[in-house]
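Working notes for the structure below.
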Amino acid sequence: MQDLLIQAQSLQNLLISRATGGITSANERESNAQYLQLRQLFISNKGFEKYIPSFLLTCRDLHQFWNEVKAPRFETYAERREFIYKAFEPLLNFIEFSYGKTCPSDELINQGIQKIDAVHIENAWKKALERRIDDPEGAITSARTLIESVCKYILDEAQITYDDRQDLQKLYKQTAEYLNLAPSQHTEDIFKQILGGCTAIIEGLGALRNRLSDAHGKGKIGVNPKPRHAQLAVNLSGALAVYLLETWEHKKNPQK
């Protein structure tokens, strides 16, 4: 994986060099050969199909790439660099954060969620996982949806009424109190601290969703989440969802 990341960055740097006058007639042949080799590496791998810059498919040599970035389309070196950086960002993020990787917690959370027969909860979790790299905004929204769905599932199973329009914090508070997970229901500091942390996660997910997800429109100065923000939201929501479900299972069957 590290080699692939280096090769992707080498390809990016090679194209920046071509776009900003760094390749001369003396090294043009060698540079073009390097481009052909790196280009073939990425376009021949189906796993990169969604992430590679579109111009890699159409530009079969550096001369064709130069026609892609030269004036009048991009007048300055800075414009050309920015164009190339943005074009490579999906590929670099995919290789760095996702390619060949699964988070150790993913499978454990999968198992915890699959124990219950609730397709909508499984779908929310799958969407959150699938969107972590490609669609961080959507992943954050799905992470919040996962917790909301788990809370409603538990309350429905317990035949406890709730306001379907209430926000996540109120819904979680109602669920936590039913499961005896509210900090106010405990006297020992360590439990209050841990359960308070769970409440803080809910508050944080709500804030992330409001600030960084695709659930709301953005003003002129919008904040775009990165894959690392999505990873954090998804991992926290998955761990908390399983904790809630396992606590509910224990409440139903204390001997297990």
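The values are calculated or read from the model by the stated rules, or taken from the named source; none is laboratory data. This is a predicted model, so every value here is computed, not measured. Every residue, glycine among them, receives a Cβ derived from its backbone with ideal geometry; neighbour counts consider all protein chains shown.
In segment 123-138, the residues that are more than 10 Å from residue 225 (Cβ to Cβ) and among the β-branched types (Val, Ile, Thr) reach residues that are modelled with pLDDT under 85 and not in a helix (DSSP H, G or I) with C-beta atoms within less than 6 angstrom, at least six apart or across chains, in these pairs: 133/98.
Table: residues versus (1) in contact with a Gly (Cβ under 7 Å, 6 or more places away or on another chain); (2) without any contact (Cβ under 8 Å) to a residue 40 or more places away in the chain; (3) under 14 Å from residue 14 (Cβ atoms).
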residue: 38; (1), (2), (3): no, yes, yes
residue: 50; (1), (2), (3): no, no, no
residue: 60; (1), (2), (3): no, yes, no
residue: 73; (1), (2), (3): no, yes, no
residue: 76; (1), (2), (3): no, yes, no
residue: 87; (1), (2), (3): no, yes, yes
residue: 115; (1), (2), (3): no, no, no
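Annotation: residue 112 fulfils all but one of (1) over 24 Å from residue 28 (Cβ atoms); (2) surrounded by 14 or more Cβ atoms within 10 Å (Cβ to Cβ); (3) under 19 Å from the mean Cα position of the chain (by Cα); (4) of a type outside the set (Asp, Glu); the unmet one is (3).
Inside segment 160-174, residues that are among the charged types (D, E, K, R) and buried (at least 17 other Cβ atoms within 10 Å of the Cβ) make up a count of 1. Residues being β-branched (Val, Ile, Thr), in contact with an Asp or Glu (Cβ under 9 Å, 6 or more places away or on another chain) and either surrounded by 15 or more Cβ atoms within 10 Å (Cβ to Cβ) or on the phi > 0 side of the Ramachandran plot (or both) are entirely absent from segment 47-68. If the condition is being over 16 Å from residue 237 (Cβ atoms) and either crowded, with 18+ Cβ neighbours inside 10 Å or touching a His at 6+ places or on another chain (Cβ under 9 Å) (or both), then segment 195-211 contributes only 195. When each of 4, 14 is tested for being modelled with pLDDT under 95, within 28 Å of residue 134 (Cα to Cα) and assigned to a helix (DSSP H, G or I), the lone residue that passes is 4. Cβ-Cβ distances below 9 Å connect the following pairs, each with a first residue in segment 188-200 that is of a type in the set (Lys, Arg), a second residue that is assigned to a helix (DSSP H, G or I), and a separation of six or more residues or different chains: 192/183; 192/184.
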